[in-house]
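This report refers to the structure that appears directly beneath it.
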Amino acid sequence: MLGKELIVIKKLNILFVRKVIVEEAHHINTELQLVKALNSRGHNAKLMGIGKRTISNGELVLLKFSMNKGRIFLLKLLLLLPFYCITKNIDVLIVDSEIVPSTFFVVLIKRIFSIKILLDVRSIPVERDLPATYKHACNIACKYYNGTTFITNGTKKYIEQLINKRFKNTLVFPSAVNPSVFSPAATGAVPLAVKEKLENKIILFYHGSISPNRGVFLVLDALHQIKEQVPNILFVSLSGSNNFITEYCISKNYKLDDHLLLLNLVDHESVPAYIKEADICIVPLPRLVWWEISSPLKLMEYLAMEKPLILSDIEAHKSVVPADSGYALYFNPDEPEDLGKAILKAIGGLNKLRLNAVKGRELIFNKFTWEIQAKAIEEFAGYI
């Protein structure tokens, strides 16, 4: 046991690698927050990805590719990664399935240079057919990597069934949040023009990606259903994909202009100021396998902000927020009118929901901070 403790507290050089344009991919904030948390614990962690220019500064290593071709990036990584890992004394290399082909030479030298390679599975491919390369990458990692991390136990089970193999060394760690950034005391500025549109409204808030399979259309159906009963309800969407909302309303002939405020994405640190304006936050994910086994990041952010919640009753939500939490209402996404009823119930009991919402932030501090997840990775890397 003493030996294990000595390994755990050793300073580690950790490299995360992702095939994304870091300045444009908002979801990469997950890895960035984890890198920051690991560094705050005394390690030297960096994130490598694609940039508009090549830089190596602080927590980021960005490689410029004028054509932004994924295959070119992977080919260059194939040659760069072993050199980088050796010269920077990398102890732990953490990649996702897309990077696996570029780790071939690192696999060959990992024992010589004591490099541990981990496959990190934050999600399975969603809203599209499973690429043939995905299963192949998981098989390679299962056979040749030192370990694998999964976002949920459900994801682990799904991948093991997919490849018909059991992973030898695994860690499950969910999404998390930085409660210093996502805090009810957030002081970021919301433009005055936006604030004026929120006055005297009941704000139902959503942020993040929108697509036909993320449940946002259920919200629009519910608004159409209840708008006469709650004429001052306003659905605020902070997203880069609000065109889906506009097109859906046109296709359904919904007259919701007075009940919609569609805002463009803002930088990660500004999001809490917008959430702060909300009366109720909603995560309406439908009952699909990739959502059932997920760990929704926006749920963690709403919990940290102490907001009343409306959630679809999928496993990903129920495994985090108890049904009797006192600050969240569940609805059945398969029942057409159930969300509308849940919204009306939430509005009717809003004061009580607000009083209990402090429990959501307590839940975050107990289980879902990046500091907690960084500690888990630190211990896992020292153990395997």
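Looking across segment 79-95, the residues that are modelled with pLDDT of 95 or more and either outside any helix (DSSP H, G or I) or surrounded by fewer than 14 Cβ atoms within 10 Å (Cβ to Cβ) (or both) come down to F83, T87, K88, N89, I90, D91, V92, L93, I94, V95.
All conditions in (1) modelled with pLDDT of 95 or more; (2) open to solvent by 10 Å² or more (accessible area, probe 1.4 Å); (3) of a type in the set (F, W, Y) hold for Y302, with the sole exception of (2).
Is it fair to say T148 is in contact (Cβ under 8 Å) with a residue 24 or more places away in the chain, under 30 Å from V358 (Cα atoms) and buried (at least 17 other Cβ atoms within 10 Å of the Cβ)? So T148 fails the test. The number of residues in segment 277-294 that are part of a loop (DSSP other than H, G, I, E, B), open to solvent by less than 10 Å² (accessible area, probe 1.4 Å) and touching a Ser or Thr at 6+ places or on another chain (Cβ under 9 Å) comes to 1. Note on segment 20-40: among residues that are over 16 Å from the mean Cα position of the chain (by Cα) and surrounded by 16 or more Cβ atoms within 10 Å (Cβ to Cβ), the one that is nearest to K64 (Cα to Cα) is I21.
Taking each residue of segment 307-320 that is under 9 Å from V283 (Cβ atoms) and looking for partners that are in a strand (DSSP E or B) and aromatic (F, W, Y) with beta-carbon atoms closer than 7 Å, six or more apart or interchain, yields I310/F331; L311/Y330; S312/F331. Residue check: is K375 within 27 Å of A185 (Cα to Cα), in contact with a strand residue (DSSP E or B) (Cβ under 9 Å, 6 or more places away or on another chain), in contact (Cβ under 8 Å) with a residue 24 or more places away in the chain and among the basic types (K, R)? Here the answer is no, as K375 does not meet what is asked.
Can we say N243 is free of Cβ contacts under 8 Å to residues at least 12 places away in the same chain and open to solvent by 60 Å² or more (accessible area, probe 1.4 Å)?
Yes: the conditions hold for N243.
Look at (1) farther than 27 Å from A376 by Cα; (2) surrounded by 19 or more Cβ atoms within 10 Å (Cβ to Cβ) and you find that R53 fails only one, number (2). Considering segment 57-78, and only residues there that are of a type outside the set (A, V, I, L, M, F, W, C) and assigned to a helix (DSSP H, G or I), the residue that is modelled with the highest pLDDT turns out to be K76.
Among the residues of segment 193-213, write down those that are farther than 28 Å from V358 by Cβ and either open to solvent by less than 20 Å² (accessible area, probe 1.4 Å) or at pLDDT below 95 (or both). Residues satisfying the conditions are S209, I210, S211, P212, N213.
Kindly establish whether I112 is modelled with pLDDT of 95 or more, β-branched (V, I, T) and assigned to a helix (DSSP H, G or I).
No, not satisfied.
In segment 120-142, the residue that is nearest to the chain's Cα centre (by Cα) out of those that are open to solvent by 40 Å² or more (accessible area, probe 1.4 Å) and among the acidic types (D, E) is E127.
Restricted to helices (runs of 4 or more DSSP H) entirely inside segment 333-384, those with at least 1 residues that are open to solvent by 30 Å² or more (accessible area, probe 1.4 Å) and under 30 Å from V35 (Cα atoms) are 358-367, 370-383. Please enumerate the residues belonging to segment 305-320 that are part of a loop (DSSP other than H, G, I, E, B), open to solvent by less than 40 Å² (accessible area, probe 1.4 Å) and touching a helix residue (DSSP H, G or I) at 6+ places or on another chain (Cβ under 6 Å). Hits for segment 305-320 are M305, P308, I314.
Residue pairs whose Cβ atoms lie under 6 Å apart, sitting 6 or more positions apart in sequence or on different chains, and linking a residue in segment 163-180 that is within 11 Å of C142 (Cα to Cα) to a partner that is at pLDDT 95 or above and acidic (D, E), are R166/E160.
The values are calculated or read from the model by the stated rules, or taken from the named source; none is laboratory data. It should be emphasised that the depicted structure is a prediction, and the values quoted were computed from it without experimental measurement. Using ideal geometry, Cβ is built from the backbone for each residue, glycine included, and neighbour counts are taken over all protein chains shown. To get the accessible areas, we keep the full protein, side chains included, count just its heavy atoms, and leave off ligands, DNA and RNA. Shrake-Rupley method; radii C 1.70, N 1.55, O 1.52, S 1.80 Å.
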